[in-house]
Amino acid sequence: MLEGNDTLMHSQTAYEEALSVLSSLIVNRRRCDKSGDRFELMFEYVKMLDLEEPMRRMKVIHVAGTKGKGSTCTFTESILRSCGFHTGLFTSPHLIDIRERFRLDGINISEEKFLTYFWWCYNKLKEKTSKDIPMPHLFRFLALLAFKIFSDEQVDVAILEVGLGGTFDATNVVQEPLVCGIASLGYDHMEILGNTLAEIASEKAGIFKRGAPAFTLFQPDEAMHVLRDKASQLDVQLTVVPSLDPELLHGRKLGLEGEHQYLNAGLAIALSSTWLHRAGHSKLSYMEQSRSLPEKFIEGLTSASFDGRAQIVADRCVDIESPEGLVFYLDGAHSPESMEVCARWFSAAIRHNQRGMLNHQSEDKSTSDNNEARKKSVQVLLFNCMTARDPQLLLPPLIKTCANNGVHFKKALFVPNTSVFNKVGSHSLAEANGQVDLSWQFHVRRVWQNTIQRDKGSDSKAEVVGKSCENSTVFSSLPMAIKWLRDSVLQQNRSIRLQVLVTGSLHLVGDVLKLIK
């Protein structure tokens with residue numbers, strides 16, 4: 001440790017110290033580029049950490065995709081854990097704590113274990129890297145850390161979610177997965193992966209390996225053609241799997257909310273079954289022609305959990321006794337396709353809530369129940385997206401799909417993310433003091449206003465002046481927006497119910513969870 005940092009480090013906990021060192025590995029905002037950013041270095045790092053043989057023995061499930069890959073991995077892990085296996089799950093990004101990325105048997109790795117593995121990997125790499133082979137950047141280090149954790153913890157199965165793309169993703173250093181999966185494809189990270197579905201599909205198919213069967217969902221023809229071609233070149237058996245039939249759950253619900261999750265569950269079943277078969281546990285696997293899912297599969301699918309994806313959290317800061325006055329609907333959608341899916345989920349959740357309130361009224365229960373039912377429900381959008389994404393592609397499908405389902409936002413709030421890109425951990429918050437550049441938030445709000453006006457059939461664009469107008473506001477910080485929402489409920493004497501959709505960025509979703517949990 002540098003001498004000048006001694007005072008700082010003494011004031012930090014051991015965990016914060018590790019996170020500060022981890023932050024030093026963030027070299028830029030992007031995790032890779034189209035050329036692979038010297039991807040071959042990953043193999044050198046694996047050698048430095050003596051992980052070559054452990055990784056060859058690791059029984060890996062590798063999953064790429066534009067949307068749904070994290071949910072697919074979560075379902076897969078939950079199924080195999082229910083079947084009695086010792087599981088390791090590596091996903092990204094984290095929402096609140098970086099340890100979320102490393103799950104052992106469904107639980108975030110403990111702080112003690114994280115520190116032990118972190119310092120072992122960091123010190124070993126620091127000792128062996130050089131000017132020609134520099135320290136790995138953040139995501140590569142985290143992938144290497146996952147391999148070390150899973151090998152030393154001797155997991156039965158390692159489920160790896162691709163961070164970005166596929167071909168040059170750090171997880172693609174794995175050469176012998178037992179099975180691969182490609183979740184739904186769409187337009188995202190186009191500045192890195194390409195401007196067409198064919199180019200994006202080609203990057204995702206980079207995880208295919210000779211000898212490892214692969215599964216995907218129904219994809220647009222342009223993407224499917226590329227996936228089949230790539231599979232054929234490697235003599236990979238590629239199978240298209242259908243959405244899970246809800247009847248196979250015998251009246252139970254998936255652990256992850258939203259109709260789209262039946263697609264991800266169908267892919268997870270195929271991955272789990274194939275892994276079981278190839279790992280020598282055929283008796284536990286699911287045969288497609290069977291009209292009955294094994295009970296352990298149902299248990300895994302219905303108990304799966306994944307924060308920040310179609311998650312509903314009531315804010316107890318407004319009223320601990322009756323926390324329905326302010327409810328956050330959190331979904332990290334950040335592509336045009338996922339925004340539409342998010343809008344359908346939010347609309348369905350709102351309808352379900354309204355039906356529940358009507359039932360309260362009709363049953364003539366207690367006065368407090370009836371007061372709760374008589375509250376006026378108001379929908380509010382809390383939004384931000386990264387500057388690499390185009391709000392003109394994200395906001396219209398959200399607005400249109402919600403409107404088609406009878407949901408209209410009374411107000412839209414635009415905020416900067418609280419997290420900053422160059423720090424890791426709970427202390428990685430933007431400076432509270434000083435001027436905050438809100439030019440991007442004002443741009444996003446103009447897109448919102450113009451879309452609203454267009455949908456109303458007006459040729460004239462709304463004049464947007466200052467931080468606030470009738471149906472939208474830009475806040476200089478997320479805590480200010482949360483305070484405004486809480487104050488709005490209290491000022492109305494709790495006679496309204498604010499239903500707040502938080503979307504556009506997983507980072508924003510994580511920031512909101514930090515503040516309200």
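The values are calculated or read from the model by the stated rules, or taken from the named source; none is laboratory data. In this text the structure is predicted, and so the values were computed from the model without any measurement. All Cβ positions, even for glycine, are placed from backbone atoms using ideal geometry, and neighbour counts span all protein chains on display. Accessible surface is based on the protein model in full, side chains and every heavy atom, while ligands, DNA and RNA are left aside. Shrake-Rupley method; radii C 1.70, N 1.55, O 1.52, S 1.80 Å.
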Checklist entry - To one decimal place, what orientation-averaged projected area in nm² is obtained for the convex hull of the Cα set of the range 19-144? => result 8.8
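Return the FRET efficiency for the residue pair residue 105, residue 484: r is the Cβ-Cβ distance, R0 is 30 Å, and the value is rounded to the nearest 0.05.
So, using R0 = 30 Å, E works out to roughly 0.15.
Considering only protein heavy atoms, with the full assembly of protein chains and a 1.4 angstrom probe, order 507, 94, 408, 281 by accessible area, largest first. Please list the in-between numbers first.
Numbers: 507 80, 94 35, 408 120, 281 60 Å².
Ranked list, largest accessible area first: 408, 507, 281, 94.
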Checklist entry - What is the mean projected area of the alpha carbon convex hull for the range 38-303, to one decimal in square nanometres? => result 14.0
Item to check | Residues residue 408 and residue 442, FRET efficiency given R0 of 35 Å [Cβ-Cβ distance, rounded to 0.05] | outcome: 0.95
Checklist entry - Of all the accessible heavy-atom surface of the range 38-303, with the other protein chains kept in place and a 1.4 Å probe, what percent is carbon and sulfur? => result 49
Item to check | Potential extension, residue 218-residue 471 segment - 0.36 nm per residue separation minus Cα distance | outcome: 87.2 nm
Item to check | the range 38-303, accessible area per residue, ligands and nucleic acids excluded (1.4 Å, Å²) | outcome: 40
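First obtain the Kirkwood hydrodynamic radius of the range 106-159 from its Cα pairs, then insert it into the Stokes-Einstein equation at 20 °C and 1.002 mPa s, and state the resulting D in µm² per second as a whole number.
177
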Next on the checklist: Between the range 301-316 and the range 468-495, how far is it from one alpha carbon centroid to the other, in angstrom?
Outcome noted: 24
Checklist entry - What is the spin-label model distance, in nm, from residue 24 to residue 317 if the labels are put 7 Å beyond Cα along the C-beta direction? => result 3.5
